[in-house]
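Asks: Encoded as structure tokens, here's the structure I'll be asking about.
Just so you know, all these numbers are worked out from the coordinates, no wet-lab data involved. No experiment lies behind these values; they were computed from the predicted model shown. Cβ sites come from the backbone with ideal geometry, for glycine too, and all protein chains shown count toward neighbours.
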Amino acid sequence: MGNSLVPLAPSRKFSARAALVDLQESSRNLLSECFRQFGIESIPMTSDKAQRLASEKFEACVIRVGSHAAPVLESARRSRSNNRMVIYGVGGTVKDAMKLSQYGINAVFNEPLERPSALKLVRATQMLVLHEFRRYVRIPVSTQVSLVAGSKHIDATSHEISSGGMSLKGNEELAPGTSVEASFALLTLPRIWVRGTVSWNKRESKMFGVRFDPRDERRMRIKEWVDAYLES
């Protein structure tokens, strides 16, 4: 079977997102500029609108240290999407920061904010943010995929791929929990075989998802391909 690769959308630069919660305009502008230098988009919001952290994916959150921060961070950490996001505190006392330690604050911007020190902190932590982004980013790409599930041999077409799994469309239904071995090729990535498990399916659209087995070392070749794609 041939292996064609067709992008489903125009190539674009990907950017992680950082929520800036309850920051003064001067602080927002300074930190937005710092994050922008590393391809991180800043989304300003107030704490009363921060329920977005429970329903949308953010790779980082910058929040003023204080009593109002606890419910916002608790909501984010309970979110399946944001329970590992990078959290920055702004200002506050050591005592205030200690009260929030259970939420795993990664770094603190000291006040008054100064551009050189703020930029230095963002530079030191930006790989944490981008790594969290790459765990979730899905690249739209269409390539032929062969699946083996027990005695079944199934042909499918990929829809999106990430370092942790892929979504596909096929003519046969696979129930969630089914163990499979998938093989496919991606431009500079020669044909690869990787074990996985069907994680979801949608009967009406014949779409389903496969989560790669984290114990399968061959998965690292896919991760390397995704990283190289994002850096190109």
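Asks: Using alpha-carbon pairs under 8 Å, 6+ residues apart, how would you state the relative contact order of the chain in percent?
Replies: Details: 433 pairs, mean separation 35.6, N = 232.
Across the chain, relative contact order equals 15 percent.
Asks: Run through the DSSP bridge list for the chain and note the antiparallel percent, rounded to the nearest 5.
Replies: Bridges in the chain are about 65 percent antiparallel.
Asks: Please list, in order along segment 171-184, the HN-Hα scalar couplings obtained from phi with the Karplus expression 6.51 cos²θ - 1.76 cosθ + 1.60 (θ = phi - 60°), rounded to whole Hz, x for Gly and Pro.
Replies: 9, 10, 8, 10, 6, x, x, 6, 7, 9, 10, 10, 9, 6
Asks: With θ set to phi - 60°, apply the Karplus curve 6.51 cos²θ - 1.76 cosθ + 1.60 along segment 40-55 and write out the HN-Hα couplings as whole Hz, x wherever there is a Gly or Pro.
Replies: The phi angles translate into 10, 7, 9, 10, x, 7, 9, 4, 6, 9, 7, 5, 4, 5, 8, 10 Hz.
Asks: Okay, next question. Which residue, chosen from 207, 161, 187, occupies the Cα position most advanced towards the positive end of the dipole of segment 118-232, where the dipole is computed from +1 (Lys, Arg) and -1 (Asp, Glu) charges on Cβ about the Cα centre?
Replies: 161
Asks: Does anyone have the angle between helix 25-36 and the longest principal axis of the chain? Alpha-carbon axes, 0 to 90°, nearest 10?
Replies: Long axis of 25-36 versus the principal axis of the chain: about 40 degrees.
Asks: Full-extension gain between residue 120 and residue 97, please, as 0.36 nm times their residue separation minus the C-alpha to C-alpha distance.
Replies: Values: separation 23, 0.36 × 23 = 8.28 nm, distance 2.05 nm.
Value of the extension gain: 6.2 nm.
Asks: Next question, about the same structure. Convex hull over the Cα atoms of segment 138-201, averaged projected area in nm²?
Replies: Over every viewing direction, the Cα hull of segment 138-201 projects on average to 4.0 nm².
Asks: As I understand it, the value is the acute angle between the Cα axis of helix 69-78 and the longest principal axis of the Cα atoms of the chain; what does it come to in degrees, rounded to 10?
Replies: That works out to roughly 10 degrees.
Asks: GNM on the chain, C-alpha springs below 10 Å: top fluctuator among 67, 151, 47?
Replies: Between 67, 151, 47, it is 151 that shows the largest mean-square fluctuation.
Asks: Just to check I understand the Karplus step: with θ = phi - 60° and J = 6.51 cos²θ - 1.76 cosθ + 1.60, what whole-Hz values come out for segment 128-138, glycine and proline as x?
Replies: Each residue's phi maps through the Karplus curve to give 4, 5, 5, 5, 4, 5, 6, 5, 10, 4, 10 Hz.
Asks: Search the structure for amide H atoms under 5 Å from the amide H of residue 160, placed 1.01 Å from N in the peptide plane, and list their residues when 5 or more places away or on another chain.
Replies: Those lying under 5 Å, H to H, from residue 160 are 141, 167.
Asks: How big is the charge dipole of the chain about its Cα centre, in debye rounded to the nearest 20, if each Lys and Arg gets +1 on its Cβ and each Asp and Glu gets -1 on its Cβ?
Replies: 200
Asks: Order by neighbour count: 68, 159, fewest other Cβ atoms within 10 Å first, most last.
Replies: Fewest-to-most ranking of 68, 159: 68, 159.
Asks: Let me spell out the model: positive unit charges on the Cβ of Lys and Arg, negative unit charges on the Cβ of Asp and Glu, origin at the Cα centre of segment 191-232. What dipole size does that give, in debye rounded to 20?
Replies: Once rounded to the nearest 20, the dipole reads 300 debye.
Asks: A follow-up question, please. What is the angle, in °, between the Cα long axis of helix 219-231 and the longest principal axis of the Cα atoms in the chain? Nearest 10 is fine, range 0 to 90.
Replies: With both axes taken from Cα atoms, the answer is about 60 degrees.
Asks: Quick check for the chain: number of Lys pairs with alpha-carbon distance under 24 Å, counting only pairs 8 or more apart or on different chains?
Replies: Lysine pairs meeting both conditions in the chain amount to 13.
Asks: Identify, among 106, 30, 69, the residue whose Cα sits farthest towards the positive end of the charge dipole of segment 16-136, taking +1 on the Cβ of Lys and Arg and -1 on the Cβ of Asp and Glu, with the dipole about the Cα centre.
Replies: Positive-most Cα among the choices belongs to 106.
Asks: Let me ask something additional. Report the charge-dipole magnitude of segment 16-136 in Debye, nearest 20, computed about the Cα centre from +1 at each Lys and Arg Cβ and -1 at each Asp and Glu Cβ.
Replies: Once rounded to the nearest 20, the dipole reads 420 debye.
Asks: Which far-off residues, 5 or more places away or on another chain, put their amide H under 5 Å from the one on residue 199, with H placed in the peptide plane?
Replies: When sequence neighbours closer than 5 places are left aside, the close amide H contacts are 177, 209, 210, 211.
Asks: Comparing 80, 195, 138, which has the greatest mean-square fluctuation in the GNM of the chain with Cα pairs linked when under 10 Å apart?
Replies: Comparing 80, 195, 138 in a Gaussian network model of the chain, the most mobile one is 80.
Asks: So how many Å³ per residue does the convex hull of the Cα atoms of segment 168-232 work out to?
Replies: Given the Cα convex hull of segment 168-232, per-residue volume reads 99 Å³.
Asks: Okay, moving on. Please check: in the Gaussian network model of the chain (C-alpha springs, under 10 Å), which one of 192, 40, 222 has the largest mean-square fluctuation.
Replies: Residue with maximal mean-square fluctuation among 192, 40, 222: 192.
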